[in-house]
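Engineer: This structure is in C-alpha cells; I'll ask about it shortly.
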Amino acid sequence: GSCCPPDAWGPLDFKDYTPKGTLHTEGDIDIYKVGEDGEKAIIWNYDIFGLNAGRTKLLADLFASKGYLVLIPDYFRNGEGRNPMQDKDTMDFIQTRTMWQKLSADWQTKIRPFAERHGAKRFGAIGTCWGTFMVLKLCSLEGDGFKAGVSWHPSHTAIVKNLQGGDLKELHEAVKCPQLFMPAQGDAPEDMANGLAKEVMGDKLRVVECMDMKHGWTTRGDISDANTKRD
C-alpha cells in the first residue's frame, strides 16, 4: 500500500552537494528554478520524498547545464515529503496530495505563468516515483506545449490503480505526446515493455526496462553500487 515497491531504495543521505538553483514563491507554492531563461523548459516532478531529498536538485541542475530552464514545483508544499519505508501516514499523504483538480490549478495558475515569465514556450516533463503521475497528467493537457514525458521508476500505476481506484487505460489514452518509461525491478507489470501502457500508447511510448536497478535508483540509489553508478 504505497507508491514504492517493497525492495525500493530508501532515503539517500546526500549532504555534500550545493544546489545551483534558487527557490521562488509563486502564490502559495515554492518553485526551484535552475538554468537560463529560455523557450525550452523541463518541469521536474519529484518523488514521494519531496523537494529536498536525494539527488533531485542535482539531477535538475544537470539537465539545466545542457541548456534547459528546469523548474521543480513543490507540489507537497513547505519541502514536505514522506519515507514510505517508515512513515505510517504515507498512504494518507499520497491520497491528499494527489488530487488532480488541485495539482492542475497549481500548473495553470502558478507554475505555467511563472515558466512563461521566464521565456518558456515548449515543455518537457520528467518524473520519478510519485512524479510520474504528474508527467502523464501534464502530457495529457490540450495545447499546453508539452512535447515529451519521461518516467523513471514510475509509480503512477500504484497510485491510480491501488490508491485512487482509477482507470489506468483512461490515464494512458489521454496522453498526447511521446513518452519514455524506465521501470526498475519490482515496478508495475503494466509499465513494462509488454504491459498495458505500451498496449494502449503503442508507438507513442518507448519502454527501457532497467532490471538491474531497484525502484528509486536515479534519485536515491547508492552509486558505490556498480550497477547504479553505471545507469
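Engineer: How about the range 78-99: which of its residues are loosely packed, with under 14 Cβ neighbours inside 10 Å and either in contact (Cβ under 8 Å) with a residue 24 or more places away in the chain or not charged (D, E, K, R) (or both)?
Structural biologist: Listed by number, the residues that qualify are Asn78, Gly79, Met85, Gln86, Gln95, Thr96, Met99.
Engineer: Okay, moving on. Sort out which residues of the range 127-180 are farther than 26 Å from Trp217 by Cα and among the polar types (S, T, N, Q), and write them in order of number.
Structural biologist: Correct list: Ser140 only.
Engineer: Anything in the range 68-77 that is open to solvent by less than 60 Å² (accessible area, probe 1.4 Å) and not aliphatic (A, V, I, L, M)? List them, or say none.
Structural biologist: The answer is Pro73, Asp74, Tyr75, Phe76, Arg77.
Engineer: Here's a follow-up. Taking the range 105-159 as the search range and keeping residues that are polar (S, T, N, Q) and either free of Cβ contacts under 8 Å to residues at least 60 places away in the same chain or in contact with a strand residue (DSSP E or B) (Cβ under 8 Å, 6 or more places away or on another chain) (or both), which one is most open to solvent (accessible area, probe 1.4 Å)?
Structural biologist: Within the range 105-159, the match that is most open to solvent (accessible area, probe 1.4 Å) is Gln108.
Engineer: Another question, if that's okay. Considering every residue within the range 185-206, establish whether at least one is in a strand (DSSP E or B) and among the small types (Gly, Ala, Ser).
Structural biologist: no
Engineer: For the range 160-209, name all the residues that are small (Gly, Ala, Ser) and in contact (Cβ under 8 Å) with a residue 24 or more places away in the chain.
Structural biologist: Within the range 160-209, Ala174, Ala184, Gly186, Ala188, Ala197 qualify.
Engineer: Suppose we filter Asp7, Asp37, Asp28 for residues that are surrounded by fewer than 14 Cβ atoms within 10 Å (Cβ to Cβ) and modelled with pLDDT under 95; which single one remains?
Structural biologist: Matching residue, one of Asp7, Asp37, Asp28: Asp7.
The values are calculated or read from the model by the stated rules, or taken from the named source; none is laboratory data. What you see is a predicted model, and the numbers here were worked out from it, not measured in a lab. As a convention, Cβ positions derive from the backbone with ideal geometry for all residues, glycine included, and neighbour counts pool all protein chains shown. Protein only, heavy atoms only, side chains kept; ligands, DNA and RNA dropped before computing areas. Shrake-Rupley method; radii C 1.70, N 1.55, O 1.52, S 1.80 Å.
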